[in-house]
Amino acid sequence: MKNLTVTTKDIPVEDWQQTSNIPPAAPLIVDITARESTAIHYIGQKLIREYGSYENPAFLATLHLNAYQLLPERITRILSAFGTDFSASQYGAIVFRGLMQVDQEELGKTPASWKEMDPEKLYAFGFISSLIHGAVPSKPVQYYAQRKGGGLLHPIIPDENMSYTQTGSGSRTDLFVHTEDAFLYNQADFLSFLFVRNEEQVPSTLYSIRSHGATDAIMAPLFRDLYKCPKDANYSQDAAVGEEVSTAVLYGNSTYPFIRFDAAEQIYNSDANQSAEALHHLEEFWKVAKTHIYNDFVPQAGDLIFVNNHLCAHGRNAFMAGFRNENGNMVPCERRMMLRMMSKTSLIHIRSVTRTNDPFFIMEEHYGKVFQD
Ligand SMILES: [Fe+2]
């Protein structure tokens, strides 16, 4: 599969958008110039001095202003076009290669789990991730369903105790592709994955509904409200809240749809309780979808993958956390660290499921049911 690489010169938006009729098979890869990455480094430092933390309400209140004033114009143009492009040729993910300079020594050793991460070390990454979402424009949010909130930026670190589970903390099983929080009506619109360490050289897995082209006979049944999606493996199997709800996998435009899909939970989880008909349609679709999985990109420290969560699913290959392959020998290394941010384009439309005094905090538990605070 071919990578679409944008060169270092300033390119008008029309030229980097793919214009062919061939369904896109890979994300756009944008190489950040040395000048842009230096600018981004100084923007991070400046925002730390001005606001302290990216969670400062004064920063969030001026997020879009800061994004458009501070980020290099080429990056802002790419993101603002991406936010409204749902076309046949839009893959739904962009890799910004070399976006941030990561000082590995300053970052220190990878902590045992995300709970031990020193938040101060993440401030610059949090500010820049926020600006990237802000340029779409979209607003960073947190979900009670994920780490009971846990802030706007989540360090994703392989945790030895969860290595066989289908969550971001797992590492030894293949993580099937999924759109984030497919069990929520108010799932994230956009996601960013900022890699600060990937010594294991684990490829990132992406899969886009656009790779199928226009809606065909296999996709058509997925527009029906037939499909269940259990809450994901981050949960204990407690109350069956929202279990009775069935939704469509494909929605939005009938020719070039959006997607809400979780292969592990909807097809392979026996507790999903799909009807025989639903399971049949899902399995037929998955046979084709699997052939479109993109697995060629190995993120390096400083790379950020930006995803439209309605077009593109993500996952990850199985890997042995804390070991890298050196000429066929597995030698110890620092464990992988990735920083995830999620955002919504409208806080108005999610207001019925956000906290009374924090409209950036989503309390939806399972398909419209809300956690009791
Ligand atoms: Fe995920």
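The values are calculated or read from the model by the stated rules, or taken from the named source; none is laboratory data. In this text the structure is predicted, and so the values were computed from the model without any measurement. For neighbour counting, all protein chains shown are included, and Cβ atoms are generated from backbone atoms with ideal geometry for every residue, glycine included. Side chains included, ligands, DNA and RNA excluded: accessible areas come from the protein's heavy atoms. Shrake-Rupley method; radii C 1.70, N 1.55, O 1.52, S 1.80 Å.
Out of the residues in the stretch 320-353 that are β-branched (Val, Ile, Thr) and in contact (Cβ under 8 Å) with a residue 24 or more places away in the chain, state the one that is farthest from PRO299 (Cα to Cα).
Kept after step one, since they are β-branched (Val, Ile, Thr), are these residues of the stretch 320-353: 331, 345, 348, 350, 353.
Those still in the list that are in contact (Cβ under 8 Å) with a residue 24 or more places away in the chain too: 345, 350, 353.
On the way: THR345: 26, ILE350: 32, VAL353: 34 Å.
The residue in question is VAL353.
Could you grab the pairs with beta carbons closer than 8 Å, sequence gap of 6+ or different chains, first residue in the stretch 82-97 and touching a residue at least 60 places away in the same chain (Cβ under 8 Å) and assigned to a strand (DSSP E or B), second one open to solvent by 20 Å² or more (accessible area, probe 1.4 Å) and charged (D, E, K, R)?
Every condition considered, the pairs that remain are ARG97/ASP31.
In the stretch 258-313, how many are closer than 13 Å to SER204 by Cα and open to solvent by 50 Å² or more (accessible area, probe 1.4 Å)?
3
Is there a residue in the stretch 355-368 that is in contact with a helix residue (DSSP H, G or I) (Cβ under 9 Å, 6 or more places away or on another chain), away from the ligand (no atom under 16 Å from the Cβ), assigned to a strand (DSSP E or B) and closer than 25 Å to PHE125 by Cβ?
Yes; the residues of the stretch 355-368 include at least one that is in contact with a helix residue (DSSP H, G or I) (Cβ under 9 Å, 6 or more places away or on another chain), away from the ligand (no atom under 16 Å from the Cβ), assigned to a strand (DSSP E or B) and closer than 25 Å to PHE125 by Cβ.
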